[in-house]
Amino acid sequence: MQGEDKFFKDIYKKYGIEESWIKFDTGCQFAGEDVLDCIDKHANKFFSFPVKDKVKVFDPKDIIGEGYPEPKDLLRRLKIRQANVDMDFSLSALDLVDSASLPAFAMEEAVKNMDKIVEKAKQIKEAERNEFILNFIRGLLFFIPFVGSAVGSVGMTSLRSMLSLVGAAGEAGLLVLRHHR
């Protein structure tokens, strides 16, 4: 392939797909699982086509888990430095406070950001649930004009009963939703 470096650079920049996630393989348009059988039967095959390889997505929990012992040990290290500040002529108590404040503030900010992410995720989940309920009701209401002519008076009575139940359930659902907020 010509311009392989540019290809990988562009695909990473645009989609966040790393080079190790892609391999070049022979493929067939109608392959499914058995590529070799498809290549034998059809002329529609391609060579050196980019396909998915082993994709490894990093879990933030793993990254945080690996770094967790360091800040946990910060207080112990600061106490040791504080005990030795009088004997160390190159370090003053103010320097110790300055050097300790940056990691402490960074941890505080990280926790605040994590809380914001959790709150945003809850809002997204609630919005998706509301949208699902509304789409369901809209879908049901869409078919009412078409059903009217197809069912007789008995069917219309059943439909009216069903709609009153849906209406009551919808009102109850919206009431619960408003109360939940």
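Criterion first (assigned to a helix (DSSP H, G or I), modelled with pLDDT under 80 and under 30 Å from Arg76 (Cβ atoms)) does Val166 satisfy it? Spell out the reasoning first.
Numbers: assigned to a helix (DSSP H, G or I): yes; modelled with pLDDT under 80: yes; under 30 Å from Arg76 (Cβ atoms): no.
When the stated conditions are applied, Val166 does not pass them.
Against the conditions (1) at pLDDT 75 or above; (2) in a loop (DSSP other than H, G, I, E, B); (3) within 30 Å of Ile17 (Cα to Cα), where does Met107 fall short? Just the number, please.
(2)
Considering each of Pro145, Pro71 in turn, give the residue that is more than 28 Å from the chain's Cα centre (by Cα), part of a helix (DSSP H, G or I) and at pLDDT below 80.
Details: Pro71 fails: more than 28 Å from the chain's Cα centre (by Cα).
After applying the criteria, what remains is Pro145.
How many residues are among the β-branched types (Val, Ile, Thr) and closer than 20 Å to Glu70 by Cβ when one looks only at segment 91-120? Even if it seems obvious, please write down each step before you answer.
Keep residues of segment 91-120 that are among the β-branched types (Val, Ile, Thr), which gives 97, 111, 117-118.
Those left that are additionally closer than 20 Å to Glu70 by Cβ: 97, 111.
The qualifying residues number 2.
The values are calculated or read from the model by the stated rules, or taken from the named source; none is laboratory data. Treat the numbers as computed from the prediction; the structure is a model and nothing was measured. Positions of Cβ are generated from backbone atoms using ideal geometry, with glycine treated the same way; all protein chains shown enter the neighbour counts.
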